[in-house]
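For reference, the structure is listed below as structure tokens.
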Amino acid sequence: MADIRPSASIEAVESGLAAQGYIASRQIATAVYLAQQIEKPILVEGPAGVGKTELAKAIAAWRGMKMIRLQCYEGLDEAKALYEWKYAKQLLYTQILKDKLGEVLGGAPTLEAALNQLHDFGDVFFSKEFVEPRPLLQALEQPAGCVLLIDEIDKSDAEFESLLLEILSDFQVTIPELGTVVAVAPPTVILTSNSERDLGDALKRRCLHLHIGFPEQKLEERIVESRVPGISQTLRKQMVSFIHEVRTLDLKKLPSVSETIDWARVLVLLQAPELGHEMVKDTLNVLLKYEADIEATMPQVSTFIAKASRQNVFG
Amino acid sequence: MRENLHRFFRAARGAGVRLSPAESIDAMRAVSKVGFTDRTILRDTFLLTLAKTQDEKKALGDCFDLFFDQPEPQSPPEDGKPNERDADASNSASDSPGETSGDDEQTEGLGQLAQMLLAQDRNQLSAAIANAASAASLSDIRYFTQRGIFSGRILDQMGIQRLRDDLDNLAATNPALAERLTNALDGLRGTVRDTVSQALMLYGREEAENLRNEILRNAPLSRIEPRQVEKMRHLIRQIARRLRERYSKPRKRQRRGHLDVRRTIRRNAAWGGVPFLTAWKRRHRDKPKIVALCDVSGSVARVSDFFLLLIHSLHEVVDDVRSFAFSGHLIEVSDILESKSPEEAMAEIMSKVGFGSSDYGSSLADFEDKWMSAITPQTTVIVLGDARSNNLDPRADILRRIAERSKRLVWLNPEGRMAWGWGDSKMPRYSTFCTVVRQCATAKQLERAVSDIVASYQ
């Protein structure tokens, strides 16, 4: 059993993240706490724009660690993610070696003696100096630990997933020519996914699985409060409840938290005292990204505004 | 508590959450960090470590609520105590009144269970039930038919025998008390029955599901009852998942030893053509291309329904599926199946072509007129139907041309082999042009047929 009260430390995580402007739900805080305690990566899934990437940034800022980000895309391979040999340098090295060869082997009378002498020099060619560390290897080499963000893992190929397995379960990588590189301090690993494709079971098994959905109304209000400090309480309540109404519609892309924040900024910038019919219609394009979605929402705007202001009165 | 966790993992598996031993170890480690004090944190912890999809999270959440809803069996402080209690209950009660002397004079000389029931001490009673349940290893319950046995065992453990003796004695000496006791006993039976039902829900689900699925897999698809259709769809989806997992491996395989000179030179251009990186020739494996022609006339419609569902759930494995449905004439249904839910899609297909009397000849002619170009030498053509063409011209010549154009022509017939060629069945005429002819009446046969088709591309 942990010597400190777990609920207290989970609250500490919550307030720590809040100090960085990231308002976490209890479940997110529990995930972050557990990831630290049992040293497991977190796999974060959820719709776009609910703050999956922000979570990693907030953790890094809160713990004062460096954040290393690996953006995944189709065709990402180990040369770009893990390590690469510095070929140019290796080439230069062979050139120098050729020049110096006579000098080094000058005293050897026979070919055999010369070869033996050469062997004594050791294998410098595939050594640490010639390795160019890419994000994954960099993350293992940070002496003070770091937050490793592997963003949009679902965009990468299935082969790349298998490449990650070693690093995720044991925090180490094996470079055939050099041997195994073990993490100096185990990094906090966050993987994000938009569920564009199903991830393999092997990868999921190695992670804590956290699903971040659209936040509840209260939580979203707090998020807006922390991100857009200039907004009045009335407007905040109205706009958040308006967005919650919009999310009940059957749209191509539902507005998520990032859209809420953008819209709040826009409303503050336009100095709107409260949610007005014209104002909403003019700024709806901040919230919805498809023409069809905007058309579907337009007729409902008045109803939603009415509902939002009514709720404001009673709630 | 560890015992309880293990039971919870078993229950979770029953609820359809796939748990590997490694995941349960993770969960144990996580739980040892957060402790048991706060139930919401514990719930979150399980959801984070065990469930790996949204569906699983929901199932696990429900399972958690159900599991921790029941009174936890209090573990006895010493090991000897439950035996003692059993001894008390089953043997004579000579020493039990001394141990737990009731306030009521009348309860003197009664068994412990009787005293407990009369005292109406709910906590004590539920603890006793829980202890008896674990002594009767209630968590081993698998099938609903075992409910009676387990209820009986639990009641035995609690000392129902002794209680009956008491009742007999009391009936003579103190009828009022006997009546009270009888009522209490009925209540107890009810509680035990509920406990057993709950345990069945928690632990029996997996086995019961397996048994039901096994029966369903071997049931003829065409005669399936309407209430089982939903279950069957679920089963078909499971089959699709299994096939996907088996066949969606990477399709590129390196051919070691064959250097791809062009790509090697291009890749090493940066280092003056010194070949640091070598590129090897690869062999591409084709993804299956499938053209499916499904008879949706009365007798075969159900089978076609499930077949189309299966084929269209194989996105990762099958590159390109074009589906056609026919009875009197033939239409393409790929778009309907892609854009709608299985139920709606099938309803729409049925309203367009379904339930007519089948005419294989004109349907094949429709196909040749409009869609013959869909067939390439990589295509597998699957025809699903009973080949009963109501004595109309079978147009087997079109089928021959289809067979010549395609990689393989597979005919799946829901009827048994015995019936082929009888009555208006034109199966023997058609089967000469087919690469494979199979009977396909149950989910199991359907799985094997589709699996073979996909495997021929590996």
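The values are calculated or read from the model by the stated rules, or taken from the named source; none is laboratory data. Keep in mind that this is a model prediction, so the values were computed, not measured. Virtual Cβ from ideal backbone geometry, glycine too; neighbours counted across all protein chains shown.
For region A:15-29, filtering for residues that are closer than 23 Å to A:Ala202 by Cα and at the interface with chain B (Cβ under 9 Å from one of its Cβ atoms) leaves 0. Among all positions in region A:263-284, there is at least one residue which is crowded, with 16+ Cβ neighbours inside 10 Å, in contact (Cβ under 8 Å) with a residue 24 or more places away in the chain and either under 27 Å from A:Leu43 (Cα atoms) or touching a Pro at 6+ places or on another chain (Cβ under 8 Å) (or both). Is it the case that region B:42-60 has a residue that's closer than 21 Å to A:Val13 by Cα, surrounded by fewer than 22 Cβ atoms within 10 Å (Cβ to Cβ) and aliphatic (A, V, I, L, M)? Yes - at least one qualifying residue is present in region B:42-60. Kindly provide the set of residues from region A:168-187 that are under 16 Å from the mean Cα position of the chain (by Cα) and either at pLDDT below 90 or acidic (Asp, Glu) (or both), ordered by number. The answer is A:Leu168, and nothing else.
Within region B:437-458, the set of residues being farther than 18 Å from B:Val321 by Cβ and hydrophobic (A, V, I, L, M, F, W, C) comprises B:Val437, B:Ala441, B:Ala443. Take A:Val257 and tell me if it is β-branched (Val, Ile, Thr), free of Cβ contacts under 8 Å to residues at least 40 places away in the same chain and out of contact with any strand residue (DSSP E or B) (no Cβ under 7 Å at 6 or more places or on another chain). Spelling it out, it is not the case that A:Val257 is β-branched (Val, Ile, Thr), free of Cβ contacts under 8 Å to residues at least 40 places away in the same chain and out of contact with any strand residue (DSSP E or B) (no Cβ under 7 Å at 6 or more places or on another chain). Every condition in (1) facing chain B (nearest Cβ under 10 Å); (2) out of contact with any strand residue (DSSP E or B) (no Cβ under 9 Å at 6 or more places or on another chain) is met by A:Trp85 except one, and the failing one is (2). Looking at region B:88-146, the helices (runs of 4 or more DSSP H) lying wholly inside it that each contain 2 or more residues that are farther than 16 Å from B:Asp165 by Cα and modelled with pLDDT under 75 sit at B:96-99.
Can we say A:His244 is farther than 19 Å from A:Leu149 by Cα and at pLDDT 90 or above?
When the stated conditions are applied, A:His244 passes them.
Inside region A:205-214, residues that are in a strand (DSSP E or B) and over 20 Å from A:Gln20 (Cβ atoms) make up a count of 3. Taking into account only those residues within region B:428-445 that are in a helix (DSSP H, G or I) and touching a Lys or Arg at 6+ places or on another chain (Cβ under 9 Å), which is nearest to B:Arg302 (Cα to Cα)? The selected residue is B:Ala443. For the residues A:Leu34, A:Leu70, A:Leu76, the requirement of being away from chain B (no Cβ under 12 Å), more than 12 Å from A:Ile212 (Cα to Cα) and in contact with a Ser or Thr (Cβ under 7 Å, 6 or more places away or on another chain) singles out A:Leu76. The lone criterion from (1) modelled with pLDDT of 80 or more; (2) under 28 Å from the mean Cα position of the chain (by Cα); (3) of a type in the set (Gly, Ala, Ser) left unmet by B:Ala279 is number (2). For region B:340-364, a tally of residues being part of a loop (DSSP other than H, G, I, E, B) and closer than 19 Å to B:Arg227 by Cα returns 1. Scanning region A:192-206 for residues that are out of contact with any helix residue (DSSP H, G or I) (no Cβ under 7 Å at 6 or more places or on another chain) and at pLDDT 80 or above, we see that the one that is surrounded by the fewest Cβ atoms within 10 Å (Cβ to Cβ) is A:Asp201. Of the candidates A:Pro133, A:Pro143, A:Pro109, the single residue that is closer than 24 Å to B:Ala270 by Cα and surrounded by fewer than 17 Cβ atoms within 10 Å (Cβ to Cβ) is A:Pro133. Scanning region B:2-60 for residues that are more than 10 Å from chain A (Cβ to nearest Cβ) and among the polar types (S, T, N, Q) yields B:Asn4, B:Ser24. Among the residues of region B:405-427, those identified as of a type in the set (A, V, I, L, M, F, W, C), farther than 23 Å from B:Val317 by Cα and outside any helix (DSSP H, G or I) are B:Trp420, B:Trp422.
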